[in-house]
């Protein structure tokens with residue numbers, strides 16, 4: 001099983017842009033996607049370079065001479081953030097080839113760390129590059145691929161990294177996730193991010209997991225780690241840059257109420273969330289205080305990985321606890337208020353409806369653990385996650 005979500009965008013990008021970048025965390029399937037789909041797409045040879053291999057990295061000691069060999073060919077460069085000076089050279093080669101009539105499909109770059117890659121490429125390749133993000137498996141794509149055999153609960157518990165989700169047993173999935181977390185804090189983050197002791201970064205990541213779906217007081221965490229607020233913020237942005245953490249910003253409309261201004265923090269993959277919290281099986285998950293927040297984060301991540309860039313996401317919380325889990329706004333006309341409930345028989349507080357009135361919600365949804373779709377009072381509709389994601393895709 002491989003990712004299908006980005007196939008059309010990859011095809012379009014390679015046929016219309018000189019450089020396409022696929023961003024995403026390690027082990028998410030970027031290389032598989034690139035090699036599986038790039039070769040049959042273009043009427044030209046495809047070559048692959050993995051900068052994690054010393055032998056391939058050595059080929060770029062004189063990068064301009066090496067890259068000039070691939071005229072009228074597609075060069076796939078994996079882990080490109082290891083060689084940031086390539087972007088300046090790629091820009092020059094792209095411009096030369098465009099003048100010679102080769103308009104698109106020059107380079108397909110794969111990167112596991114967003115900050116370095118985006119900074120380097122945005123400074124040198126403006127107008128020549130298209131960015132795509134490959135996420136772990138999503139509910140929508142797995143359901144589309146296998147509607148009868150797909151289990152939302154399995155994806156929620158194990159997370160969407162292919163090797164974790166497709167593992168033969170929960171124990172094998174657990175072992176993979178523990179190895180993944182250890183590799184990130186011991187190897188990947190020190191290589192491309194700040195020089196943080198691995199034990200401290202794992203402790204910080206675990207502390208964030210306990211605040212999953214909540215606002216985080218970074219100063220308090222800093223005191224626990226014996227580091228400054230600024231340093232803790234750097235840790236947070238590092239995990240965000242590595243696609244491990246997501247911050248959902250508070251709604252910023254102008255109303256006469258005191259609103260919470262701090263972002264909500266989510267561990268993007270719930271399998272990693274459960275690994276960080278030492279939740280080994282479903283029984284432990286259902287008995288854990290994090291179960292509601294875990295389900296909320298799972299739903300929110302699936303939605304944010306499905307919507308187009310025309311939607312703006314946020315959340316709402318006032319000082320008197322009126323709250324909306326997720327707000328989607330589009331075209332200054334559509335304002336969708338979304339509440340997430342794990343229960344099969346969801347009910348809503350007056351605070352949700354008051355908040356909806358404050359933001360001018362045009363549609364009110366409750367996404368729950370069931371599959372049926374039905375209306376409840378106050379013009380609110382209850383819907384399952386799979387059907388809701390289908391609406392967003394449609």
Output for region 375-389, where each listed residue is in contact with a helix residue (DSSP H, G or I) (Cβ under 9 Å, 6 or more places away or on another chain) and either assigned to a strand (DSSP E or B) or surrounded by 17 or more Cβ atoms within 10 Å (Cβ to Cβ) (or both)
380, 383, 384, 385, 386, 388, 389
If you go through region 48-66 one residue at a time, how many are within 21 Å of residue 100 (Cα to Cα) and touching a strand residue (DSSP E or B) at 6+ places or on another chain (Cβ under 7 Å)?
0
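Is it the case that residue 294 is surrounded by fewer than 20 Cβ atoms within 10 Å (Cβ to Cβ) and either modelled with pLDDT of 95 or more or more than 20 Å from residue 210 (Cα to Cα) (or both)?
So residue 294 does not fit the description; no.
Would you point out which residue out of 18, 25 is buried (at least 22 other Cβ atoms within 10 Å of the Cβ) and within 20 Å of the chain's Cα centre (by Cα)?
Values: 18 fails: within 20 Å of the chain's Cα centre (by Cα).
Sole residue among the options that is buried (at least 22 other Cβ atoms within 10 Å of the Cβ) and within 20 Å of the chain's Cα centre (by Cα): 25.
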Hey, residue 35 touching a strand residue (DSSP E or B) at 6+ places or on another chain (Cβ under 6 Å), assigned by TED's automatic domain parsing to the domain that holds residue 77 and modelled with pLDDT of 80 or more or not:
no
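Hey, any hits in region 364-385 for a residue that's modelled with pLDDT of 90 or more and closer than 24 Å to residue 243 by Cα?
Residues of region 364-385 that are modelled with pLDDT of 90 or more, as a first pass: 364-385.
Now restrict to residues that are closer than 24 Å to residue 243 by Cα: 385.
Yes - at least one qualifying residue is present in region 364-385.
Report, by residue number, each residue of region 174-201 that is within 19 Å of residue 231 (Cα to Cα) and either in a helix (DSSP H, G or I) or at pLDDT 90 or above (or both). Talk me through it step by step, then tell me what you get.
In the first step, residues of region 174-201 are kept if they are within 19 Å of residue 231 (Cα to Cα); the result is 184-186, 188-201.
Answer for region 174-201, where residues must be within 19 Å of residue 231 (Cα to Cα) and either in a helix (DSSP H, G or I) or at pLDDT 90 or above (or both): 184, 185, 186, 188, 189, 190, 191, 192, 198, 199, 200, 201.
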Heads up, the helices (runs of 4 or more DSSP H) in region 1-110 (entirely inside) with at least 2 residues that are more than 30 Å from residue 160 (Cβ to Cβ) and in contact with a helix residue (DSSP H, G or I) (Cβ under 6 Å, 6 or more places away or on another chain) are 63-67, 86-99
Restricting to region 346-373, name every residue that is closer than 24 Å to residue 286 by Cα and over 30 Å from the mean Cα position of the chain (by Cα).
349
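The values are calculated or read from the model by the stated rules, or taken from the named source; none is laboratory data. Only a predicted model underlies this, so the values are computations on that prediction, with no experimental measurement involved. All Cβ positions, glycine included, derive from the backbone under ideal geometry; neighbour counts span all protein chains shown.
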